[in-house]
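Undergrad: Have a look at the structure that comes next, please.
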Amino acid sequence: MSARLARPGRRLAEGGRFWRGTATRNLQVVRAFPDRIGAGRNQMNKGWLSRLLGSLAVLVPLLFYGHGGSAAFVAATKESADPEVSHLMAKSLKSRQTDVRQAALAWLARDPRAQNKRLIRAVFRTLKDKDPGVRNQALANLGWIYERDFADKTGRRALAAVKKALANPSEHAAALVAVDLLRGSAEKGEYDENQGGAPKEHLLSNPGIQTLVVPLLASRESSLRPELLQVVENSPLLQSLPPVIEAVGEALGDDDLTVRSDAADLLIAIDRKGKPEALAKAHPLLLRALAEGDPNVQIRVSRALNLPVPPRKAAPPVLSLTGEKVSTADVPFDFNYFTAFVQPLFAKKYGGEACVDCHTPQANTTGKFRVMAPKADGHYTVEESRVNFVSVLAVVDRANLEKSKVLLKPLDPRASEGKLQGETHDGGVFWRNQFDPDFRLVDDWLKGAKLDVPPQKQLDFAYFMKHVEPIFSTPGPDGFACINCHSTHAILHLESPETREGSFSIEQMANNYQSAHRVIDESAPGSSFIVRKPTSPREGANGLAHAGGIRWPDKKDSWQYRTLIDWMGKRNLDGQ
């Protein structure tokens, strides 16, 4: 019996000796490497050290497990830093190579044995590094620095830097690192508030941090909502704070279905397990969501509270320009599709003429068709769009959509292609036949086409078709275009042209336009995946998973990058 019990311990000890020996040999190789870099004698691949540092960042914790399993790892966080590892860190942080500094900071964030107080000054110095990747890795170290010295000047300085990153969500990459510090993502190697041996004081217990979290959760424009909801989900402390619960309630109205669903699930969890004060805040929010939320949220709340979904309240009617009160809930056509694709056609010039030149309320033109003209900058507001949405119904024949005047008046009465011919129109001919792309947009809308992108998020469609779509179909240095691979992708799903001449169907154009919106960050365009993935390497500290690798050799100076950044600044509606 005793012999059998001894075997696991012997194997563990042997495993520990194996890992310690491997780590020691690697450290001996690496220790001399920074000197070789400084002396210019390095003839090896410049990425070698960063890759080795990354490997050791994983290997060294295994060394601790070899000393006695997870208990030894927890105990190690309480011990002083390993002088050999700290010495290597100090040299690496002074390296002239960006990837070496970045890899060293990544290791330092992961490895408690490397977290020497003498390295803190070097970490703060790298917060001002020229390379953003190095700065962000330095930021990822501020959790353990704050945890270690929260009561003194060093801790206050670390806290101030984290607050600064959270308070500037336009610097999206840095803000995400700060959120990861709050989340305590151990698997990513950043600060873990639940790590064994941590003191009672941690970032989330700081009132200043809590104050910053609330508006970032509450704002519809916040790009950090999804990540912050995860932070709250894993923090009983935040779940007990009424302002945080109210901010989660605001997320129930987010434009993104996933965010709304996550917010509902979080409030349900608080309602079930929260303290009385928290429950008193969460329960009314759930009841309001049950009465007014979107159907997906209503179903979740209904099941959780065992309450029926109440009848949906009728939307307030909108007064059309012909004097009719119309409830948008009674209109079978999609409002999102209308604002993105149909409404812009009212201001589009056809042979020098546009619908809004004659069909506004101020015009003397006869007929029922009346729409509001856009502002001087060519944009509408959401409210104006709702008026136009119900006003255009005056020229829609719901019994026979093909006979709708909104289709036939701009169409050529002598159209020789297709089965439809237009009607006489004082404004002239806008569409030569029913295959004109603009005719197809209106026709598809009347036939039930939908768009998931809400008006508040929509970017200019005309600019997209003229300047952005060619980016997707233009071959890169390897001879392949984005559409060659992304035709099978779920998020950025791109349709290829339906003809060899490169023309797209209306369905393909709408799909590509919608898909592109899934990979943009409106609050920080430069952080959007649509521009980061084609300009980032697949490997390394700054790498992004992208099978296509770097698509634009000129990166941020490429016409593709500049075009996409310009497009992300072109809102479809005012007040977005």
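Undergrad: Can you tell me which of VAL309, VAL297, VAL301 is farther than 30 Å from PHE464 by Cβ, part of a loop (DSSP other than H, G, I, E, B) and in the same structural domain as LEU257 (by TED's automatic domain parsing)?
TA: Checking each option against the conditions leaves just VAL309.
Undergrad: Looking at the range 329-340, can you tell me whether even one residue there is surrounded by fewer than 16 Cβ atoms within 10 Å (Cβ to Cβ), in a helix (DSSP H, G or I) and at negative phi?
TA: yes
Undergrad: Going by the structure shown, is ALA158 without any contact (Cβ under 8 Å) to a residue 60 or more places away in the chain, within 24 Å of LEU182 (Cβ to Cβ), small (Gly, Ala, Ser) and assigned to a loop (DSSP other than H, G, I, E, B)?
TA: no
Undergrad: If you scan the range 221-234, which residues turn out to be within 19 Å of the chain's Cα centre (by Cα) and touching a residue at least 40 places away in the same chain (Cβ under 8 Å)?
TA: Within the range 221-234, GLU221, SER222, SER223, LEU224, GLU227, LEU228, GLN230, VAL231 qualify.
Undergrad: Could you say which residue among GLY427, GLY448 is buried (at least 16 other Cβ atoms within 10 Å of the Cβ) and either within 26 Å of the chain's Cα centre (by Cα) or outside any helix (DSSP H, G or I) (or both)?
TA: GLY427
Undergrad: Ok, one more. Of ARG125, ARG113, ARG101, which residue is more than 31 Å from the chain's Cα centre (by Cα) and either not in a helix (DSSP H, G or I) or not assigned by TED's automatic domain parsing to the domain that holds THR211 (or both)?
TA: After ruling out the rest, the residue left standing is ARG113.
Undergrad: Here are some conditions: (1) over 30 Å from THR360 (Cα atoms); (2) assigned to a loop (DSSP other than H, G, I, E, B); (3) polar (S, T, N, Q). THR322 meets all but one. Which one does it not meet?
TA: It fails just one condition, (1).
Undergrad: Does LYS163 qualify as being surrounded by fewer than 19 Cβ atoms within 10 Å (Cβ to Cβ) and either free of Cβ contacts under 8 Å to residues at least 40 places away in the same chain or of a type outside the set (D, E, K, R) (or both)?
TA: So LYS163 does not fit the description; no.
Undergrad: Under 6 Å between Cβ atoms, at least 6 apart or on separate chains: pull out the pairs that start in the range 244-271 with a residue that is closer than 30 Å to SER515 by Cβ and not assigned by TED's automatic domain parsing to the domain that holds THR211 and end on any residue that is aliphatic (A, V, I, L, M) and modelled with pLDDT of 95 or more.
TA: none
Undergrad: Restricting to the range 402-424, count the residues that are in a loop (DSSP other than H, G, I, E, B) and basic (Lys, Arg).
TA: Matching residues across the range 402-424 total 3.
Yes or no, residue by residue, for (1) assigned by TED's automatic domain parsing to the domain that holds ALA415; (2) out of contact with any strand residue (DSSP E or B) (no Cβ under 9 Å at 6 or more places or on another chain); (3) assigned to a helix (DSSP H, G or I); (4) not aliphatic (A, V, I, L, M):
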site: PHE435; (1), (2), (3), (4): yes, yes, no, yes
site: ASP438; (1), (2), (3), (4): yes, no, yes, yes
site: PHE464; (1), (2), (3), (4): no, yes, yes, yes
site: ILE471; (1), (2), (3), (4): no, yes, yes, no
site: PHE480; (1), (2), (3), (4): no, yes, no, yes
site: ALA490; (1), (2), (3), (4): no, yes, no, no
site: HIS493; (1), (2), (3), (4): no, yes, no, yes
site: ALA516; (1), (2), (3), (4): no, no, yes, no
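Undergrad: Taking the criterion of being among the β-branched types (Val, Ile, Thr), touching a strand residue (DSSP E or B) at 6+ places or on another chain (Cβ under 8 Å) and surrounded by 14 or more Cβ atoms within 10 Å (Cβ to Cβ), would at least one residue in the range 285-301 satisfy it?
TA: No, that holds for no residue.
Undergrad: Still on this structure, please answer the following. Which residue pairs have Cβ atoms under 6 Å apart, sit 6 or more places apart or on different chains, and have a first residue in the range 351-366 that is exposed (fewer than 15 other Cβ atoms within 10 Å of the Cβ) and a second that is of a type in the set (A, V, I, L, M)?
TA: PRO361/LEU321
The values are calculated or read from the model by the stated rules, or taken from the named source; none is laboratory data. Everything quoted here is computed from the prediction, not taken from an experiment. Backbone-built Cβ (ideal geometry, glycine too); neighbour counts: all protein chains shown.
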